[in-house]
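The structure under discussion appears below in the form of structure tokens.
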């Protein structure tokens with residue numbers, strides 16, 4: 001009986017080490033991409049793309065009109081920081097008439113990493129410390145009879 005309970009406790013602890021997978025964004029497959037690919041005998045419109053892939057994650061703000069579909073798969077063990085396992089971007093480019101002119105897919109290997117600027121812009125004025133913020137209101141309470 002002791003061995004069984006010890007085995008059960010070990011199994012419960014190991015369960016916490018199992019990685020959790022999260023999929024976010026629009027998940028597409030090769031059949032859906034093939035349906036929106038432009039062909040010589042068939043024109044694909046924006047409405048057709050909406051039917052197959054749904055609403056885009058975002059649209060281009062400048063340049064030729066394009067829709068972007070983004071997906072991301074992360075895994076995480078227990079309380080550790082999540083790691084990106086897969087990242088994909090599907091770009092559907094349109095002509096001025098609203099017809100598909102091209103479809104391209106990018107993954108983690110073809111994307112360029114973005115480095116963030118970590119410095120902070122200093123602000124002018126007085127900045128309170130953590131303890132000054134916590135204990136700063138003691139003694140500032142309104143007294144009886146004041147109109148504030």
Matching residues in the stretch 29-63 - criterion: being in contact with a strand residue (DSSP E or B) (Cβ under 6 Å, 6 or more places away or on another chain) and part of a loop (DSSP other than H, G, I, E, B): 37, 38, 43, 44, 56, 57, 60
Considering residues of the stretch 64-80 that are closer than 22 Å to residue 34 by Cα and part of a loop (DSSP other than H, G, I, E, B) only, the residue modelled with the lowest pLDDT: 64
Subset tally (residues that are surrounded by 11 or more Cβ atoms within 10 Å (Cβ to Cβ) and within 24 Å of the chain's Cα centre (by Cα)) for the stretch 25-54: 12
Residue pairs meeting the criteria (Cβ under 7 Å; at least 6 apart or on separate chains; first part of a strand (DSSP E or B), in the stretch 1-20; second at pLDDT 80 or above): 19/75; 19/76; 19/77; 20/75; 20/76
Residues satisfying the stated conditions in the stretch 64-81, i.e. touching a strand residue (DSSP E or B) at 6+ places or on another chain (Cβ under 7 Å) and surrounded by fewer than 14 Cβ atoms within 10 Å (Cβ to Cβ): 64, 76, 77
Qualifying residue in the stretch 106-113 (condition: loosely packed, with under 11 Cβ neighbours inside 10 Å and touching a residue at least 24 places away in the same chain (Cβ under 8 Å)): no
Residue count for the stretch 81-95, restricted to those that are more than 21 Å from residue 109 (Cβ to Cβ) and at pLDDT below 90: 1
Residue match in the stretch 123-143 (condition: touching a helix residue (DSSP H, G or I) at 6+ places or on another chain (Cβ under 9 Å) and either outside any loop (DSSP other than H, G, I, E, B) or more than 18 Å from residue 35 (Cα to Cα) (or both)): no
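The values are calculated or read from the model by the stated rules, or taken from the named source; none is laboratory data. Keep in mind that what you see is a predicted model, and the values were worked out from it rather than measured. Cβ atoms come from the backbone with ideal geometry, glycine included; neighbour counts cover every protein chain shown.
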